Amino acid sequence: MIEDIENIELKYLTLHDYQELKQAMILSYSSMPDSYWKESHIKTLIDKFRDGQVVIKINGEIAGCALSIIVDYDKFDELDSYKDMTGNYSFSTHDSDGDVLYGIDVFIKKEYRGLRLGRRLYDYRKELVEKLNLRGIAFGGRIPGYHKHADKLSPKEYIEKVKRKEIHDPVLNFQMSNDFHPTKILKGYLEGDENSGEFAVLLEWDNIYFTKKSKKAATKKKNVRLGLIQWQMRLYKDLEELMQQAEYFVDAVSAYRSDFALFPEFFNAPLMADNNHLPESEAIRELAKHTEGIVQRFSELSISYNINIITGSMPEMRDGLLYNVGYLCRRDGTMERYEKLHVTPDEAKVWGMQGGNELKTYDTDCGKIGVLICYDSEFPELSRLLADEGMDILFVPFLTDTQNGYSRVRHCAQARAIENECYVAIAGSVGNLPKVNNMDIQYAQSMVFTPCDFSFPANGIKAQATTNTEMILIADVDVDLLRELNQFGAVKNLRDRRKDIFDLKRVSKK
């Protein structure tokens, strides 16, 4: 067979193909007599939606065909039969403003099966859905092997056994191998389909690139540029001088058209030098008095430099308690606060710092992000909760004094990228502060981590700074690659979780 093939081509269906198409349908559906489309049906489909009607030709002869329409899927929740979905075979249900491609028919002639031609037709449909920005594909899939087991298995039990490879159903197996997932059983779907007992399975494929039409002029970026600031600890005479240095770095990363600037944890610690004569717990509370002013300055910088700024972290007093917090300053002028949830033993013992309670993702013009301050990155439950909320990029501002402390943050952060199928950016401080108690030395190497799969660096490292050197690190990340990984990765860490044997949920704290 293969040696006789001179050419294979995918073409739009035309009315000139009808008589040949009719004979191909009769042969392909021999178990259901008279199951072929009339010429008027084909004309209507071509007139309504030419792009949805294609054939595969081998040496000029029709080998297979795929027919489809576009529907407004929300209108079809209660419609289960093929007749309903096709508007009593009139295709009046086609809606050019709809959101889902509905598969009317697909077949491969018997003599051409085994050449993966069906996959070509489905790949065409998927590419068409992506081109038209539709939510996905849906259709009622026959289960022609069900009649052999109908006396002892329900349709649901039959499908489960097909999934576990205990029963071979050529049609259903093919659909699932092409990334279609069963969503519900359709009873009385196709009249006369005795092999399936007139049952079908509603199968769906989700377009991971689908974006809702926005009423705003702004668009959500898919290729995102990260600017990490590896901050040198040095003494500053006052807040103004420190913020001049901060603005210098914001200016530098924005000059490279970065979408985010990430500062380290406690980057403003040099300001404690003026209060080094006080006990450490009092000195850091004096430092907290600068936080409101620093956040306001960062918000102004985010607007004037057109960049989203993650301010690292700073001490903050609330209701008489000391917290380690930071702010997301968006370039549209809005701000959100994040907290360090797990304070280190040293933070609690020396400074009397409290752990926060709020964990959330943040919407930005570059997708959903999360922020975990230093030690929080070492607790995998936190980032998993953020991943469940759709986080694409996790930012980790950190401060570590020794290499072993840094290694904990670095390796845990990389694990978070793999297990949550996201990008992780970490930024820390370098240098020393001999005139600030409890902040003597710093060790850091800022990095951007990725999952480990074919579309990403093999070692999971997108970019890395030079160890213990003041610098900026610029890295581009592609959010769409995360969608592809979730659906088509060599492993699927998020999808393959055994939620039947464990559960992860938030506890509301009143």
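As an exercise, identify the GluC sites (Glu not before Pro) in region 346-420 lying in DSSP coil whose Cβ has no more than 16 other Cβ atoms within 10 Å.
On the way: sites: Glu347, Glu358, Glu378, Glu381, Glu389, Glu419; in loops: Glu358, Glu389.
Hits after loop and neighbour filter: Glu358, Glu389.
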Starting from region 240-327, pick out the chymotrypsin sites (Phe, Trp or Tyr not before Pro) whose DSSP state is loop and whose Cβ has at most 12 other Cβ atoms within 10 Å. Tyr256
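Pairs of alpha-carbon atoms within less than 8 angstrom and 6+ residues apart define the contacts here; what relative contact order does region 223-488 have, in percent? Walk me through the numbers before you get to the answer.
Working: 615 pairs, mean separation 57.3, N = 266.
Relative contact order of region 223-488: 22 percent.
For Lys184, Lys368, what's the fewest-to-most ordering of other Cβ within 10 Å of each Cβ?
Values: Lys184 12, Lys368 19.
Fewest to most other Cβ atoms nearby, the residues stand as Lys184, Lys368.
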How big is the Kirkwood radius of region 374-510, worked out from every pair of different alpha carbons and given in Å to one decimal? 16.2 Å
Footprinting proxy, Phe263, Phe49: sorted fewest to most Cβ within 10 Å, the residues are Phe49, Phe263
Note on region 405-510: contact order normalised by length, alpha-carbon pairs under 8 Å, 6 or more apart, percent, works out to 22 percent
Calculate the FRET efficiency for Lys110 and Leu494 from the Cβ-Cβ distance with a Förster distance of 41 Å, rounded to the nearest 0.05. 0.55
What span do the alpha-carbon atoms of region 369-413 cover on each of the three principal axes, reported in whole Å from largest to smallest? 33, 15, 12
Here the relative contact order (percent) of region 2-206, from C-alpha pairs under 8 Å and at least 6 apart, is 18 percent
Modelled label-to-label distance, His277 and Asp97, 7 Å Cα→beta-carbon offset: nm? 7.4 nm
Please label the shape of region 72-204 as rounded, prolate or oblate, based on the square roots a ≥ b ≥ c of the eigenvalues of the alpha-carbon gyration tensor (a/c under 1.5 means rounded; beyond that, a/b larger than b/c means prolate, else oblate). oblate
Quick check for you: which residues of region 315-352 have the amide N under 18 Å from the point 7 Å beyond the Cα of Val507 toward its beta carbon? 341-343
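What's the exposure ranking of Phe107, Phe199, Phe379, going from fewest to most Cβ atoms within 10 Å?
Values: Phe107 19, Phe199 23, Phe379 14.
Lowest to highest Cβ neighbour count: Phe379, Phe107, Phe199.
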Cα-projected label distance for Leu239 with Glu358, points at 7 Å along beta-carbon direction, nm: 2.1 nm
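Each reported figure results from applying straightforward, stated rules to the coordinates on display, with no laboratory input. Remember, it's a predicted structure, so these values are computed and weren't measured experimentally. Note that each Cβ is placed from the backbone with ideal geometry, even for glycine, and that neighbours are counted across all protein chains shown.
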